[in-house]
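The values are calculated or read from the model by the stated rules, or taken from the named source; none is laboratory data. None of the values given here were measured: they were computed from a predicted structure. Here the Cβ positions follow ideal geometry from the backbone for every residue, glycine too, while neighbour counts run over all protein chains shown.
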Amino acid sequence: QRHKKLLTFTRVKKSLSEGALKPSDLLAQFKQIETRTRTQIQAAELLDNTVELIREMVYTNTMLLGEGDVESLLQVSGCSAELQTPRCQSDCLSERYRSITGECNNRKYPRWGAANMPYSRWLAPEYEDVWGTPRSWEPEHTYNNISLPPVRLVSQEVLFTHNDQISVDSTLSHLLVDWGQWIDHDMVLTPQSSSTAAFRTGADCSRSCSRDPPCFPIQIPVSDPRNGVQSCMPFFRSAPSCGAGVLPHRHREQLNAITSFVDANMVYGSSPSLASALRNQSSLLGSMALNSQYSDGDLAYMPFLPRLQTHLDPCGPRNTTSSGESGDSRVNEHLGLIVLHTLFLREHNRLVEELQRLNPHWSPDTLYQEARKIIGAIHQILTWDHYLPRVLGESAMSRLMPPYQGYDPEVDPSIANVFATAAFRFAHVTVQPVVNRLGPQYTFNSTYPPLPLHHSLFASWRIVQEGGIDPVLRGLLLSPAKLQTPGQMMVEELTERLFQAQGGMPLDLGALNLQRGRDHGLPGYSAWRRLCGLSVPNNASDLADILGNFTLAHKLHHLYKTAHNIDVWVGAISEPALPGGRVGPLLSCLLARQFRALRDGDRFWWERKGVFTSTQRRHLHAVSLSRIICDNSHITHVPVDPFSRTESPEDMLACSHPLIPHLDLTPWKEPDSGEEKEKTACQNRYLDPAGFGCVRLSKVSP
């Protein structure tokens, strides 16, 4: 297995250097995981494959393993070490700052919300068998006495929309769309198998159409325009977590490689090693490392990614060198993400400079931690107060997200599998097919014209060579989001040209979403409606009433034959939006349930008494994304509300306008009373470099 993983890495690296990357290679190269995540995945896959071999040898569907056998397998595979529960310190640092791994946020349940923990389940999975085989692994397998339609067929029949046949959102900007993905990358990272070769046969999953773990290829139907050109799209199963399918009552679970909390870990990382690597270790300010080769005028870029030793940009001109490194490996996926990563890197360094002027006695570690704490609070405020009301609608927001009542240690803030795999992928149907780039005064500039979306994917070189982040940012501020309607689901840029690199057939985001839901064993649409207390469609007429569109309901019923089998993602995005929002009843329920748990189950939630002073909270409440743009770009005019659609450049306000206030950091000024020496002593005593005050000490039974 280790040999196959080495071959996978070598093949991808060779393809990169030769300029022959396939779309699946891009995913393998850029969806990188940290060492501890990789260690756990390798242990889990070793355990999973071992159990599968034992199961085959005894020719039975019953696992004949005693408690001692299970313990031995856990020890030998390495899973036993991964199932240890951290013992939490109670000291000054662990009370003041959240751990970088998310461990010990909850002292009673220290793994809740931490990186490298399994997703939670709101409904039990419905795999094809008790061992966790994906839904529709065998195409003839039935659910409710009916087999599931191929995901690519669903994409073609229900989702596909020509780029030039879309409507635009009259009230929301495209920056809101990108903020959704930005926050998603703060909460969710599902690692796929660390091997792209079949465990048993060694077949290359990117070239073979046979189902052989971890290969779960997406078959191309006969009616598909791609039929005759390719037989399948490569797809790799999500990696299992340790203990799944072996420990009693444990079905296969997938792993969240990052912290669940909205804590800006896409800026800082979710592992001690990455967090340390991203810092400027020679700085006395606690600042983040910057690019030493290029700059955006007087403003900084992210450092280059050291894992790509040649720094080659896979979708750019040969020998371009601009893949950036940040707290999340998906940073370079598209230009909008690169813009947001760059903005908040700069904002951190701006904050530590201001904090140091107020508190020259603070150490670099204190400056870093205080700035990180403020950045985390900013993300919580912008998401709950500015983003969610526009997604859910004010009425649903007030009904499903009541006012904050304080931290509840019995609330599990872990990300639910259905949220990560389906619900928070709703915004894929609001993505525009074109990335607009605009010059000063928000005007067309021939130097950096609009780009087809697929030309902006993995194209970080365009930032360095084509005007910095400002042109893209202006485009996001002035461009409307795509409006999702029953006949206008997902643009062809995403279904027909996804990750179209230097070679190979592009992927289909809609089909990938559906296949991932089946890989994770998500129950069908009706089960989730029932969970949320909503009516359950029993026939095509019921479905048409719920969707408010006979044509769409007929398409879905024709494909699935029963509403109960509809994949939850496509069913959820098909519902009409609630008043003032952009999602229907099912998505409102699932999104609000997750975001409420993330708020109420976070010991470091920004409104919790003791996290910030009352004066600090009052100042934080006034933060705005427009101010952050003003402070960290060359843009001089911004909208008051960057998530709302701005009709014309004349509606922008100057950055000096009173409605674009600065964040006053005066409440963070502390007297030099020797407290800093106490903090430093505390750090020297307790601050293990691996966890900021939370040390893994004890092994407990799984």
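Observations on the model:
- Criterion applied to Q156, Q165 was being among the polar types (S, T, N, Q) and part of a loop (DSSP other than H, G, I, E, B), and the one residue passing it is Q165.
- Filtered by the rule that a residue be at pLDDT 85 or above, part of a loop (DSSP other than H, G, I, E, B) and under 26 Å from the mean Cα position of the chain (by Cα), the range 217-248 gives P217, P234, F235, R237, A239, S241, C242.
- Pairs where the first residue, in the range 540-560, is under 20 Å from A527 (Cα atoms) and the second is outside any helix (DSSP H, G or I) and aliphatic (A, V, I, L, M), C-beta under 8 Å, 6+ apart: D542/V536; L556/I566; Y560/I146; Y560/L148; Y560/I566
Residue by residue, here is whether (1) of a type in the set (A, V, I, L, M); (2) touching a Phe, Trp or Tyr at 6+ places or on another chain (Cβ under 8 Å) holds:
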{"residue": "R425", "(1), (2)": "no, yes"}
{"residue": "V434", "(1), (2)": "yes, no"}
{"residue": "P452", "(1), (2)": "no, no"}
{"residue": "P471", "(1), (2)": "no, yes"}
{"residue": "Q500", "(1), (2)": "no, no"}
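- The set of residues in the range 185-203 being over 21 Å from L53 (Cα atoms) and outside any loop (DSSP other than H, G, I, E, B) consists of H185, D186, M187, Q192.
- Only residues that are farther than 30 Å from P272 by Cβ, modelled with pLDDT under 80 and crowded, with 17+ Cβ neighbours inside 10 Å were counted across the range 28-62, and they come to 1.
- Residue within the range 73-86 that is at pLDDT 80 or above, under 26 Å from the mean Cα position of the chain (by Cα) and part of a helix (DSSP H, G or I) present: yes
- Breaking point among (1) within 22 Å of the chain's Cα centre (by Cα); (2) polar (S, T, N, Q); (3) outside any helix (DSSP H, G or I), for S588: (3)
- Residue count for the range 258-288 satisfying the condition of being part of a loop (DSSP other than H, G, I, E, B) and under 23 Å from the mean Cα position of the chain (by Cα): 10.
- Just one residue in the set V429, V464 is assigned to a helix (DSSP H, G or I), more than 23 Å from G180 (Cβ to Cβ) and touching a residue at least 12 places away in the same chain (Cβ under 8 Å); that residue is V464.
- Only a single criterion out of (1) charged (D, E, K, R); (2) buried (at least 21 other Cβ atoms within 10 Å of the Cβ); (3) under 19 Å from P403 (Cα atoms) is not satisfied by R582, namely (3).
- P134 more than 21 Å from the chain's Cα centre (by Cα), closer than 20 Å to H251 by Cβ and touching a residue at least 12 places away in the same chain (Cβ under 8 Å): yes
- Some residue of the range 395-418 being outside any loop (DSSP other than H, G, I, E, B), on the phi < 0 side of the Ramachandran plot and free of Cβ contacts under 8 Å to residues at least 12 places away in the same chain: yes
- Scanning the range 332-378 for residues that are modelled with pLDDT of 95 or more and charged (D, E, K, R) yields R346, E347, R350, E353, E354, R357, D365, E370, R372, K373.
- Matching option when the condition is of a type in the set (K, R), surrounded by 21 or more Cβ atoms within 10 Å (Cβ to Cβ) and closer than 30 Å to G286 by Cα, among R425, R437, R372: R372
- Residue within the range 158-176 that is under 30 Å from H557 (Cβ atoms) and among the hydroxyl-bearing types (S, T, Y) present: yes
- Residue match in the range 397-415 (condition: of a type in the set (V, I, T) and in contact with a strand residue (DSSP E or B) (Cβ under 8 Å, 6 or more places away or on another chain)): yes
- Which listed residue is farther than 25 Å from D169 by Cβ and surrounded by 20 or more Cβ atoms within 10 Å (Cβ to Cβ), from L598, L514, L559: L598
- Of all residues in the range 437-456, those that are in contact with a strand residue (DSSP E or B) (Cβ under 8 Å, 6 or more places away or on another chain) and outside any helix (DSSP H, G or I) total 8.
- Test: residue in the range 590-612 that is closer than 29 Å to L552 by Cα and touching a Lys or Arg at 6+ places or on another chain (Cβ under 9 Å): yes
- Residues in the range 249-299 that are of a type in the set (K, R) and modelled with pLDDT of 95 or more: R279 only.
- Any hit, the range 604-622, residues being over 15 Å from W528 (Cβ atoms), touching a His at 6+ places or on another chain (Cβ under 7 Å) and crowded, with 19+ Cβ neighbours inside 10 Å: no
- L534 farther than 30 Å from G102 by Cβ, touching a Phe, Trp or Tyr at 6+ places or on another chain (Cβ under 9 Å) and surrounded by fewer than 23 Cβ atoms within 10 Å (Cβ to Cβ): yes
- Residue within the range 112-132 that is in a loop (DSSP other than H, G, I, E, B) and touching a Phe, Trp or Tyr at 6+ places or on another chain (Cβ under 6 Å) present: yes
- One residue stands out in the range 645-683 among those that are within 20 Å of H348 (Cβ to Cβ) and among the polar types (S, T, N, Q): the one that is modelled with the highest pLDDT, namely T666.
- As for the range 209-216, it holds at least one residue that is among the charged types (D, E, K, R) and not in a strand (DSSP E or B).
- Some residue of the range 469-485 being modelled with pLDDT under 95, of a type outside the set (D, E) and assigned to a helix (DSSP H, G or I): no
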